[in-house]
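The values are calculated or read from the model by the stated rules, or taken from the named source; none is laboratory data. The structure displayed is predicted, hence computed values, not measured ones. Please note: Cβ atoms are built from the backbone with ideal geometry, for glycine as well, and neighbour counts cover all protein chains shown. Areas reflect the complete protein model, heavy atoms only, side chains present, ligands, DNA and RNA absent. Shrake-Rupley method; radii C 1.70, N 1.55, O 1.52, S 1.80 Å.
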Amino acid sequence: VQLQASGGGLVQAGGSLRLSCAGTARIFSRNTMGWFRQAPGKQRELVAVITSNGTPTYTNSMKGRFTISKDNAKNTVYLQMNSLKPEDTAVYYCNVFPSTGWPWGQGTQVTVSS
C-alpha cells in the first residue's frame with residue numbers, strides 16, 4: 001500500500017501549509033508514521049514521526065515550526081508547517097517509520113519562495 005501525501009503548493013517565506021496523508025486504520029493503528037522530505041540534489045530526510053498512540057517526535061530543525069498529528073477517525077496523518085523557509089522546499093512524503101520494506105508514494109511538492 002502506497003501512502004499518498006497531499007496539500008503541497010507554492011507559498012511565500014513565513015507562510016504555512018498543512019499536508020495530509022490518508023491511509024488505513026490497520027496501518028496507522030499498528031505503526032509509527034513519519035513525514036519525510038527530499039530536496040533537489042539531497043537525500044531523503046526524516047521530518048517528524050508520530051507513534052500509534054499519538055506521541056510526536058521532531059527533527060531538531062523542525063521543532064517549533066512543524067506539528068505532526070493524526071486523526072484516527074479519518075485515518076489521516078497531518079503535518080502543519082508554519083514559518084516556512086526557502087530551505088523547506090522539497091517533495092514531502094509520508095510513510096511508515098522505519099520505512100524499510102514499505103513502498104514510497106509520489107509525495108507532494110512544497111515550494112517556498114523568498
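Quick notes on this one:
- T108 passes every criterion in (1) open to solvent by less than 30 Å² (accessible area, probe 1.4 Å); (2) free of Cβ contacts under 8 Å to residues at least 60 places away in the same chain apart from (2).
- Tally, over segment 86-103, of residues that are surrounded by fewer than 15 Cβ atoms within 10 Å (Cβ to Cβ) and more than 12 Å from I50 (Cα to Cα): 5
- Yes/no for S52 being among the hydroxyl-bearing types (S, T, Y) and either more than 27 Å from S114 (Cα to Cα) or more than 10 Å from the chain's Cα centre (by Cα) (or both): yes
- K70 under 13 Å from the mean Cα position of the chain (by Cα), touching a residue at least 24 places away in the same chain (Cβ under 8 Å) and more than 14 Å from S99 (Cβ to Cβ): yes
- Residue list for segment 72-86, filter: at pLDDT 95 or above and either out of contact with any Ser or Thr (no Cβ under 8 Å at 6 or more places or on another chain) or of a type in the set (D, E, K, R) (or both): K85
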